[in-house]
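Presented below is the structure to which this report refers.
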Amino acid sequence: MICSYCGYENIQNAENCGFCDAPLKKKRAKMRDFLVLDHVELPFGELSGFHTYDLLVLLRLVREERTKCYNLMRTIQKAPEDVIVDPDTLRFAEQEYRRYTARLKVIEGILIDRMGYKPKRVDDKLLEALRVKIEKN
């Protein structure tokens, strides 16, 4: 088995590379063709297996959704007094905001572990530059 990190040829049944001690059976993350907001609900173990590019796309999606939830929550809270707002609606908006905030922190934590920082802004320019670098290699 050839090590995907150093290229050293190892014994077939070995767990780690004989040269660099990298795990031989660990799969390297590959970019996904399609991501949806529902992917942020995956457990930490699965999210940490995502490619960094995919995590940045998910970060962008969850930030957008969290902003929508925040704006909805603030709109409901600022409703005029003569408008009756169901308390369950307000509670739901608050729960969604907290849920997306927690998911956001998980993804940002994984990115901090990998990149050393969390990007303040994930825009098309950043994603396109990263995609070009990835495709060159």
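The values are calculated or read from the model by the stated rules, or taken from the named source; none is laboratory data. Computed from a predicted structure; not experimentally measured. Neighbour counts run over all protein chains shown; Cβ positions are idealised from the backbone, glycine included.
At-a-glance table
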item	result
Residue match in the stretch 12-21 (condition: surrounded by 12 or more Cβ atoms within 10 Å (Cβ to Cβ) and either touching a strand residue (DSSP E or B) at 6+ places or on another chain (Cβ under 7 Å) or modelled with pLDDT of 95 or more (or both))	yes
Residue among Arg121, Arg131, Arg114 that is touching a Phe, Trp or Tyr at 6+ places or on another chain (Cβ under 7 Å) and modelled with pLDDT under 95	Arg131
Top-ranked residue of the stretch 87-104 - restricted to ones that are aliphatic (A, V, I, L, M) and crowded, with 16+ Cβ neighbours inside 10 Å, ranked as modelled with the lowest pLDDT	Ala93
Exclusive hit being more than 25 Å from Tyr5 (Cβ to Cβ) and either surrounded by 11 or more Cβ atoms within 10 Å (Cβ to Cβ) or charged (D, E, K, R) (or both), set Leu130, Leu47, Leu111, Leu72	Leu72
Evaluation of Lys118 against (1) more than 23 Å from Pro43 (Cβ to Cβ); (2) in a loop (DSSP other than H, G, I, E, B) (one fails), failing number	(1)
Failed condition for Lys27, given (1) part of a loop (DSSP other than H, G, I, E, B); (2) modelled with pLDDT of 85 or more; (3) not aliphatic (A, V, I, L, M)	(2)
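Residue-by-condition table, conditions (1) within 22 Å of the chain's Cα centre (by Cα); (2) under 23 Å from Asp38 (Cβ atoms):
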position: Leu56; (1), (2): yes, yes
position: Arg60; (1), (2): yes, yes
position: Glu64; (1), (2): yes, yes
position: Tyr70; (1), (2): yes, yes
position: Thr75; (1), (2): no, no
position: Glu81; (1), (2): no, no
position: Pro87; (1), (2): no, no
position: Arg91; (1), (2): no, yes
position: Thr101; (1), (2): yes, yes
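Here is a yes/no grid of residues against (1) in a loop (DSSP other than H, G, I, E, B); (2) more than 21 Å from Arg28 (Cα to Cα):
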site: Gly45; (1), (2): no, no
site: Thr75; (1), (2): no, yes
site: Asp82; (1), (2): yes, yes
site: Glu94; (1), (2): no, yes
site: Tyr100; (1), (2): no, yes
site: Lys125; (1), (2): no, yes
site: Leu130; (1), (2): no, no
site: Ile134; (1), (2): no, no
